[in-house]
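Each remark here refers to the structure printed beneath this line.
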Amino acid sequence: MPQSTKKIPNFYAVVLAGGSGTRFWPRSRQRRAKQVLALDGARTMIQQTASRLLPLSAARHTWIITNDHLANLIGRQLPRIPRTQIIAEPAARNTAPALGLAAFILARIDPTAVIGMFPSDQVISDEKSFQRVVTKAAAIARAGENIVVMGVRPRHPETGYGYIEAGAAVKNGALRVRGFTEKPSLARARKFVAAGNYYWNSGMFVCTASTLVQAMREHLPETAKLLEEIAAAYGSKKFTAVFKRFYARCQNISMDYAVMEPRCARGEERSNVFCIPADFGWNDLGSWASVYNHHVQQEGGNVIESADSFVLDGRGNYVYSPEKFVAIVGVENVVVVETEDALLITTRDRAQDVARIVGHLREKKLGKLL
């Protein structure tokens with residue numbers, strides 16, 4: 001773990017770890033979702049996330065928002081994080097209520113708190129560069145009612161990511177944000193890349209707790225009232241009951257739709273939303289195809305996680321069968337993932353559709369496979 005980076009004063013890392021990772025079935029299940037799997041090395045995704053944040057924010061300043069299925073496992077994987085700071089949502093309500101709750105709690109604990117919001121399931125290869133960008137973002141956030149997003153320079157026209165449209169540069173080296181676009185068509189994605197002022201939305205934000213609290217009150221007033229009630233009960237014996245009672249009534253909406261887009265609608269000069277272009281080896285592992293793209297190195301373009309393997313005229317394949325010998329003969333662009341109780345066979349270009357399998361299993365009430 002890099003130690004040269006200085007911790008950011010009054011900085012709190014909030015890690016979102018409540019997703020179910022349906023596109024990573026059959027390895028990802030309700031009780032061992034994507035973020036608690038080791039998809040990139042020996043450590044799990046959430047362990048990697050916490051590790052790169054610890055040089056910036058002490059373990060006692062790190063908070064995890066997850067669900068009841070994963071809270072205990074995350075606690076075991078991250079023993080340095082106080083268990084009271086691993087908060088299990090009683091209902092899935094997307095990113096805005098989750099981050100809003102963290103803001104309301106932290107604003108009560110530390111009125112000067114600067115919070116960084118980070119997904120738990122991303123790969124970042126240049127951690128020192130990442131830490132420098134977060135430090136810069138925290139300084140901008142502290143300077144006013146600013147929200148800073150980290151934008152990744154697009155490497156190709158990607159339809160699976162959201163995009164940030166950047167505007168004018170400001171003195172601190174950031175760019176003003178004009179707007180956000182969710183998962184465009186391929187034609188639009190090509191235009192964005194060609195324009196040169198669009199960035200992939202990494203899903204990472206930095207602002208003060210008080211800024212986000214005020215934004216929630218302005219843009220989601222009813223949800224903000226509920227979150228304030230929950231935050232007021234934090235640390236008391238009644239917290240669990242209050243959390244369960246009020247949280248399910250919060251609006252189910254993302255941070256982008258709830259806060260970022262309404263603020264951008266004020267206009268580029270008045271939104272106080274800024275983007276820092278980042279080049280720190282970011283990869284959002286969103287499907288088995290993206291895992292293949294991240295790992296592809298072997299001769300012939302195959303990624304094989306197995307006891308041993310043999311390949312004859314096979315290219316572009318991803319195979320996960322860690323306990324068995326794998327033989328590939330004459331097939332291309334195939335994804336095969338084996339677990340003890342299930343076998344997935346698809347193609348790389350249909351990897352996004354794996355989530356539909358989970359829908360089928362729920363419909364058929366095949367809970368043992370979920």
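Observations, loosely collected:
- Between the listed residues Gly75, Gln47, Val303, the Cα displaced farthest toward the positive end of the dipole of the chain, a dipole computed from Cβ unit charges relative to the Cα centre, is found at Gly75.
- Spacing of the modelled spin labels on Thr159 and Asp279, each 7 Å from Cα toward Cβ, amounts to 2.9 nm.
- Counted residue by residue at 0.36 nm each, then reduced by the alpha carbon distance between them, the extension gain from Ala59 to Glu323 reaches 91.5 nm.
- Between the beta carbons of His294 and Val170, assuming R0 = 35 Å, the FRET efficiency works out to 0.60 to the nearest 0.05.
- Contact order normalised by residue count of the chain, Cα under 8 Å, 6+ apart, percent: 19
- Here Ala91 and Glu182 are evaluated by their C-beta separation; at R0 = 25 Å the FRET efficiency comes out at 0.60.
- The angle between the Cα long axis of helix 95-109 and the longest principal axis of the Cα atoms of the chain comes to about 40 degrees, rounded to the nearest 10.
- Taking the protein heavy atoms of the chain in the context of the full set of protein chains, the accessible area attributed to carbon and sulfur is 49 percent at 1.4 Å.
- Ligands, DNA and RNA are left out, and with a 1.4 angstrom probe the accessible area of the range 249-338 is 47 Å² per residue.
- Other residues within the sphere of radius under 11 Å centred on the Cβ of Thr181, judged by their own Cβ, net out at 0 (K and R +1, D and E -1).
- Where labels lie 7 Å past Cα in the beta-carbon direction, separation of Arg245 and Arg270 in nm: 3.9
- From its DSSP helices (H runs of at least four residues, each -39,500 (n - 2.57)), the chain gives a residue-normalised ellipticity at 222 nm of -9000 deg cm²/dmol.
- Between Asn72 and Glu218, full extension at 0.36 nm per residue minus the direct alpha carbon distance yields a gain of 49.1 nm.
- Exposure rule at most 15 other beta-carbon atoms within 10 Å, DSSP loop trypsin sites (Lys or Arg not before Pro): the chain longest free segment: 271-363
- R0 of 51 Å, Cβ-Cβ distance Asp313-Ser129: FRET efficiency to nearest 0.05: 0.80
- Spin-label model distance (nm) - Glu363 vs Arg80, 7 Å beyond Cα toward Cβ: 4.6
- Separation of the range 166-202 from the range 20-99 is 29 Å, based on Cα centroids.
The values are calculated or read from the model by the stated rules, or taken from the named source; none is laboratory data. Just so we're clear, the structure is a prediction, and the values are computed from it rather than from any experiment. Glycine also receives a Cβ, built like all others from the backbone with ideal geometry; neighbour counts cover every protein chain displayed. All accessible areas refer to the heavy atoms of the entire protein, side chains included, with ligands and DNA or RNA removed. Shrake-Rupley method; radii C 1.70, N 1.55, O 1.52, S 1.80 Å.
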